[in-house]
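I have placed the structure first, in the form of structure tokens, so that the comments after it can refer back to it.
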Amino acid sequence: MEPASISLFVNMMNKYRFTVLTDRLIRMEYQENGKFNDEKTLSVCNREFPKVEYELKDSENLLEIETSELMLKYDKRPFTSHGLSITLRSTGAVWNYGKMYAGGENLFGTARTLDMTDGLVLLDDGIFAKNGFTFIDDSATPLIVDGEVKERKWECRDIYFFGYGDDFFGGLKDYYALTGNVPMLPRYALGNWWSKFERYSEQSYMEMLERFEKEKVPLSVAVLDMDWHITDIDPKYGNGWTGFTWNNELFPDYKRFLQKLHERGLAVTLNLHPADGIRACEGMYEKAAKRVGIDPDTEDTVEFDLTDPKFRDAYFKDVLEPYENDGVDFWWIDWQQGNKMSNSNLDPLWLLNHYHFENQQSRGKRAMIFSRYSGIGSHRYPIGFSGDTVASWKSLSLQPFFTSTASNIGYGWWSHDIGGHMQGDKDLERLVRWIQFGVFSPIMRLHSSNSPFFIKEPAKLEEPYKTIIKRFMRFRHRMLPYLYTMNYKAYADGEPLIRPVYYYCPKDKDAYGVGNEYFFGSELLVGAISVKEDREIKMSSVRCLIPEGRYYDIFTGRIYAKRQLRKLYRSLETIPVLLKSGGIVPLAGEDDMDSFKNPSELELLIGAGASGSFTLYEDDGISAEYINGKCVKTDIAIDWVEDSKSMTITIGGAQGDISLIPSQRHIFIKLYGIEKAEGYDPDKADHTLVIDLGNVSAEDGHSITINNVTLAENSWKEEVFKIIDHVWCELRYKEEVNNLLNNCKGKEDFDMELSGLEVPEMLKDAIREVL
């Protein structure tokens, strides 16, 4: 093959056009009038790719295009299943136009909303399938012309074929190149959010925050649902669902209220339902009416129409921007009024997301909105609001799978109503499991309906649920250095925070069947528990695939030293969160809870037994300067030498604008999987070793070598005894297992004899997890 230009254009009477974007991504167009689209669409914003090699064969009735990965055949007629096909050279799998999978299975993408759902929902397709190919249909997506969103004028076929096989990260990289990268979130967005559909006043909201502070539970975002604005209006204006004027009975001085929230280290978002436009009952109506050319004396509504630049000017300049100047940080766009504007086929949700985000960007802000998913390309407008779900185990069980498959369409920042929004029953076990998932999900946002019986405030919960929830919510804020680095990697490298297990184990069929398990960034493997605990063993479980290598549970120290597919059992206090050997997770110190500040203390969680590296990313957390490269990066490396059983941990000197971080940091290292180490005394219970490095210069860094390291194995007898001591089954079962434990010849003998005991099978399975 010889090098070709960026794109390949082939025309026959100006009706079709093919563009080879990469060796695995081809654009295919058919247009009867020959007027092809070169404008951006709401889904596709870039078609300028590096040069790619291909071979072209063009005969009278057949066009063939071959890249190193694909073979395309086309009969030069309107697209049909027998006239247009693409073959994957690596596997021989064939795609025929109009036949999506040809016997394969799409690995799914995401959905517009989970509103009113109780469990399973129908998901849209993603860009990956088990047979290695899929496509995006951009034929009807609105265009972006000179900054305006426009409907297409002509019917067409505009298809993008993806043939990336199981190269998931490669596919995502090119997908983001095509559809736009993911902006960085402000740092505060990664902390704990508090939200409830409750008629708060300034006083009651501050009292609620004081309860959180007393319990030492950190928050980063204060959410106010629709009762921030006036809802009781004169019926001649309609209902109070739409509103833009603060309720001064509840908030006598809203500017003072916003200032108080900021003084507590909280960002603020307000709920919007803008469908009814700007009505005469609103405080800013006169300005808005004059801006669009309406006589205010008529009291005619400034109708909601985002296709009208005049309305957009009034909406942003007279309604929203003044509140942002007063202290509102971003907007919760709670659109639920359909998918078509009254005067066009344009989706109002698309327009809201696009123009809201664009408005913030145009003013130099690090833009962020909070809104529902509107389709392919929505990742450019984070964060996603998944909607009002039923509070049930079925809803909880869906969310880990739903969140991980969204990465298959590049949508990495879903926010769920953690704990469920409505209905359901009081089940504090379920609330704990949901919050545990929430802490290890993209956005940790508690939210619920206004029922007085829907309680999620830790201060109002009984034990042991209260203590567990507090511990996990504090851990969320400790993870901010890790989460913020993953935030950067999503922007810079196209790697979402949540990653299905098959991204890392594409050849392992079992990796495609563990829906509640996912990689949480590059270093952690999480199993989200979403089933009620068994009455006898007082534990719940999650089916997980442990890949090859060594993995350590960061909460218990339990060691997994080989590839296995099994249920992992945990009591209510914890869930499986595994750190790979050679993995590095930076945590903030126990008291570094402020989501607006880079921490003065770090703890590095490190999995022993392999080399590894991690680059900690930090910036000011709030401005758009990250786009210009204003940041600081710190390289952390592990050099594991198998022959000498030694490991050197190097914290490099910070590179970049070091004024963004403390000049010195108190740094601790916590090593997992250590039985012995020269000069140190590891904890025998969980096989961890904590080393205090003291204050370390950010500019100079630090290095430490640990010699004669012996890697640990599970203390299986102690672990088995803990399990049988914990369970609530009959004492005779406990005694049978304990007798075997005390008299067996070894682990293999115990495992074999355990099979013959007449004890609950689930208990046997839980015991075998540690063998």
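The values are calculated or read from the model by the stated rules, or taken from the named source; none is laboratory data. Computed from a predicted structure; not experimentally measured. Virtual Cβ from ideal backbone geometry, glycine too; neighbours counted across all protein chains shown. Heads up: the accessible areas ignore ligands, DNA and RNA and are worked out on the full protein's heavy atoms, side chains in. Shrake-Rupley method; radii C 1.70, N 1.55, O 1.52, S 1.80 Å.
Restricting to segment 607-626, name every residue that is closer than 21 Å to residue 655 by Cβ and part of a strand (DSSP E or B). Residues satisfying the conditions are 612, 613, 614, 615, 616, 617, 618, 623. Give me the pairs: first residue in segment 124-142 and open to solvent by 30 Å² or more (accessible area, probe 1.4 Å), second residue in a loop (DSSP other than H, G, I, E, B) and of a type in the set (Lys, Arg), beta-carbon distance under 9 Å, and six or more apart or on different chains, which are they? Every condition considered, the pairs that remain are 124/112; 140/152. Pairing residues of segment 330-345 that are free of Cβ contacts under 8 Å to residues at least 60 places away in the same chain with residues that are small (Gly, Ala, Ser) and outside any loop (DSSP other than H, G, I, E, B), at Cβ distances under 9 Å and at least 6 apart in sequence or on separate chains, gives 338/275.
Candidates in segment 698-725 are the residues that are touching a strand residue (DSSP E or B) at 6+ places or on another chain (Cβ under 6 Å) and of a type in the set (S, T, N, Q); of these, the one that is farthest from residue 766 (Cα to Cα) is 703. Tallying residues that are farther than 11 Å from residue 698 by Cα and touching a residue at least 60 places away in the same chain (Cβ under 8 Å) within segment 632-676 yields 11. Here 298, 269 are screened, and the one residue that is without any contact (Cβ under 8 Å) to a residue 12 or more places away in the chain and among the β-branched types (Val, Ile, Thr) is 298.
Considering segment 659-671 alone, what residues qualify as being outside any loop (DSSP other than H, G, I, E, B) and either surrounded by fewer than 16 Cβ atoms within 10 Å (Cβ to Cβ) or in contact with a Lys or Arg (Cβ under 9 Å, 6 or more places away or on another chain) (or both)? If the condition is that a residue be outside any loop (DSSP other than H, G, I, E, B) and either surrounded by fewer than 16 Cβ atoms within 10 Å (Cβ to Cβ) or in contact with a Lys or Arg (Cβ under 9 Å, 6 or more places away or on another chain) (or both), then 659, 660, 664 are the ones that fit. Looking across segment 146-194, the residues that are among the small types (Gly, Ala, Ser), surrounded by 24 or more Cβ atoms within 10 Å (Cβ to Cβ) and not in a helix (DSSP H, G or I) come down to 163, 191. For residue 242, the conditions (1) open to solvent by 10 Å² or more (accessible area, probe 1.4 Å); (2) among the β-branched types (Val, Ile, Thr); (3) under 19 Å from residue 318 (Cα atoms) all hold with the exception of (1).
If you filter segment 278-334 down to residues that are assigned to a loop (DSSP other than H, G, I, E, B) and among the small types (Gly, Ala, Ser), you find that the one that is surrounded by the fewest Cβ atoms within 10 Å (Cβ to Cβ) is 293.
The set of residues in segment 51-78 that are surrounded by fewer than 17 Cβ atoms within 10 Å (Cβ to Cβ), out of contact with any Leu (no Cβ under 9 Å at 6 or more places or on another chain) and more than 28 Å from residue 152 (Cβ to Cβ) comprises 51, 53, 55, 58, 59, 60, 61, 62, 68.
From the list 307, 301, the lone residue that is among the polar types (S, T, N, Q) and in contact with a Phe, Trp or Tyr (Cβ under 9 Å, 6 or more places away or on another chain) is 301.
Of all residues in segment 245-259, those satisfying the criterion of being closer than 14 Å to residue 283 by Cβ and open to solvent by less than 90 Å² (accessible area, probe 1.4 Å) are 245, 246, 247, 251, 254.
Kindly evaluate residue 362 against the criterion of being among the small types (Gly, Ala, Ser), free of Cβ contacts under 8 Å to residues at least 12 places away in the same chain and surrounded by fewer than 24 Cβ atoms within 10 Å (Cβ to Cβ). Taking the combined requirement at face value, the residue satisfies it. Looking only at residues of segment 702-734 that are among the aliphatic types (A, V, I, L, M) and over 30 Å from residue 768 (Cα atoms), we find that the one that is most open to solvent (accessible area, probe 1.4 Å) is 704. Can you tell me which residue in segment 708-749 is nearest to residue 759 (Cα to Cα), limited to those that are under 39 Å from the mean Cα position of the chain (by Cα), assigned to a loop (DSSP other than H, G, I, E, B) and not aromatic (Phe, Trp, Tyr)? Out of the qualifying residues, it is 729. Residues considered: 758, 678, 699. Of these, the only one that is closer than 30 Å to residue 566 by Cα and either crowded, with 17+ Cβ neighbours inside 10 Å or of a type in the set (D, E, K, R) (or both) is 758.
Residues checked against (1) under 18 Å from residue 331 (Cβ atoms); (2) touching a residue at least 40 places away in the same chain (Cβ under 8 Å):
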{"position": "246", "(1), (2)": "yes, no"}
{"position": "262", "(1), (2)": "yes, yes"}
{"position": "277", "(1), (2)": "yes, no"}
{"position": "280", "(1), (2)": "no, yes"}
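If you go through segment 391-436 and keep only what is in a helix (DSSP H, G or I) and in contact with a Pro (Cβ under 6 Å, 6 or more places away or on another chain), you end up with 404, 407. The strands (runs of 3 or more DSSP E) located wholly in segment 14-96 that include 1 or more residues which are in contact with a helix residue (DSSP H, G or I) (Cβ under 9 Å, 6 or more places away or on another chain) occupy 16-22, 25-30. For segment 470-493, a tally of residues being more than 12 Å from the chain's Cα centre (by Cα), under 25 Å from residue 546 (Cα atoms) and open to solvent by less than 30 Å² (accessible area, probe 1.4 Å) returns 6.
In summary, residue 690 fulfils each of the numbered conditions (1) among the β-branched types (Val, Ile, Thr); (2) under 20 Å from residue 589 (Cα atoms); (3) surrounded by 16 or more Cβ atoms within 10 Å (Cβ to Cβ) with the single exception of condition (3).
On the given criteria, is residue 611 out of contact with any Phe, Trp or Tyr (no Cβ under 8 Å at 6 or more places or on another chain) and not aliphatic (A, V, I, L, M)? For residue 611, the condition - out of contact with any Phe, Trp or Tyr (no Cβ under 8 Å at 6 or more places or on another chain) and not aliphatic (A, V, I, L, M) - is not met. Here residue 65 meets the list (1) within 20 Å of residue 135 (Cα to Cα); (2) in contact with a Gly (Cβ under 8 Å, 6 or more places away or on another chain) almost entirely, failing just condition (2).
For segment 704-723, does any single residue satisfy the condition of being in contact with a Gly (Cβ under 6 Å, 6 or more places away or on another chain) and closer than 21 Å to residue 580 by Cα? Yes, segment 704-723 has at least one match. Looking only at segment 381-411, residues that are farther than 17 Å from residue 449 by Cα, open to solvent by 10 Å² or more (accessible area, probe 1.4 Å) and β-branched (Val, Ile, Thr) come to 0 in all.
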